[in-house]
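Read the structure below first, then the notes.
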Amino acid sequence: MPPAISKPAAALIRSPSLRPPSWISIWFGLSSVVLLWDAGYCLLRPRSMPGGDLHWVWKPYELYGEIDHLYGLPGFTSKSITGFTSAQATLNIIQSTLNLEYIYLSHFSQNKRWRLEGSEKRSDPKAPLIGFAAAVMMFSKTVLYCLQEYFCDSCSIGHNHPYDLLVFWIIPNDLAPPASAGHVQTQLANHLRARETRCRSGRRGGSVVG
């Protein structure tokens, strides 16, 4: 029989703040699809570029390659830039793996250890840590892209009209990552506080809830 848990600790653990809201899970899922799509384009060039036999899969990148030359012909013909783009595409695959693991641990994990007696299954406590790692990875890559453009005098995006730059580069790349990272950070902190409350409650009751 599992050890008893105090009402304050149980209330904290049952708090909705310990579960990811729907928009976070949807964001992680959709971003994984986009990241894998992006990685496929970068790693399969030139077949994925205009004129290639696989370009139909990545048709929108014809426009994006004109916005960001890292993805266009100028970037592909430069060996140093091609290496950078392929390297970040490989990181996209790693990040997508973390994103999907976060979703699985948050919603589908069957680890019964993380159940309270008489309550429904809760998300695996490892989920916020995995999600935070993925969000920080996305945020770090965003900072890297911005620094790349800063130190090369906007060599890849400086030719754009400000409106095109805002719609096609700044909003997709720079606004969403901090929002998702901030929320998952809060979720991770809530899990740690809940764990501390459970341990304190267990010590007062003569046992520690695992």
**Request:** Be a star and scan region 65-88 for residues whose amide nitrogen sits under 17 Å from the point 7 Å along the Cα-to-Cβ vector of residue 147.
**Result:** 84-85, 87-88
**Message:** Modelling each spin label as a point 7 Å along the Cα-to-Cβ direction, I'd like the residue 22/residue 79 distance in nm, to one decimal.
**Reply:** 5.2
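Coordinate-derived values only; no laboratory data. None of these values were measured; they are calculated from a predicted model. All Cβ positions, glycine included, derive from the backbone under ideal geometry; neighbour counts span all protein chains shown.
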